[in-house]
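The values are calculated or read from the model by the stated rules, or taken from the named source; none is laboratory data. Keep in mind the model is a prediction, meaning the values are calculated, not measured. Backbone-built Cβ (ideal geometry, glycine too); neighbour counts: all protein chains shown.
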Amino acid sequence: MPNNWFDNAANRAEPNFLYRNDAAANGNTNGWLLVRLIGTASNRSGIVQEIANVPANQALTVTEHQDGATNAPSLAMSNLTDGTVQLTATGQADLRYVFEASTDLAQWTKLAVRTNLTGTVEYASPTSSSPQRFYRVVVP
């Protein structure tokens, strides 16, 4: 007895279709929202951020922000014997800190993201071939 399961219409390749939504022309009043996500410490889907009372029919850009971040952290640097640079950030606990480096103070590269659990967080930056390197820490 042949197996007819592979021969039914649901399993055959169907041609492509283009559908047009005429709902708006027919009085549909549904709204729309275009959302652009910008992650600074995490990726675009790494955290949950809630925004209330957002009006419809607009393009909305949401930049990652940590509730409770009120004070700028301080950053200290020390050179280790193996050529690495030890960065120590001091500031509010339970926030994500982004360590960044630059050679020209114009373009910054993310080195690492660390969660400050105790008020102080450290990062050891590998050696750089650049003759000068600037460091900063930001709390988005």
Exercise. Going by the conditions given, is Ile47 at pLDDT below 90, among the β-branched types (Val, Ile, Thr) and within 24 Å of Tyr123 (Cα to Cα)?
Worked result: yes
For this session: Check region 113-135 and report whether any residue there is under 22 Å from Ser42 (Cβ atoms) and in contact with an Asp or Glu (Cβ under 6 Å, 6 or more places away or on another chain).
Result: no
Exercise. Does Asn116 count as out of contact with any Ser or Thr (no Cβ under 7 Å at 6 or more places or on another chain), surrounded by 11 or more Cβ atoms within 10 Å (Cβ to Cβ) and over 30 Å from Leu33 (Cα atoms)?
Worked result: yes
Exercise. Restricting the search to region 123-140, which residues are more than 18 Å from Asn71 (Cα to Cα) and part of a strand (DSSP E or B)?
Worked result: Tyr123, Ala124, Ser125, Phe134, Tyr135
For this session: Scan region 34-87 residue by residue and report those that are surrounded by 11 or more Cβ atoms within 10 Å (Cβ to Cβ), among the polar types (S, T, N, Q) and touching a residue at least 24 places away in the same chain (Cβ under 8 Å).
Result: Thr40, Ser42, Gln58, Thr63, Gln66, Thr84, Gln86
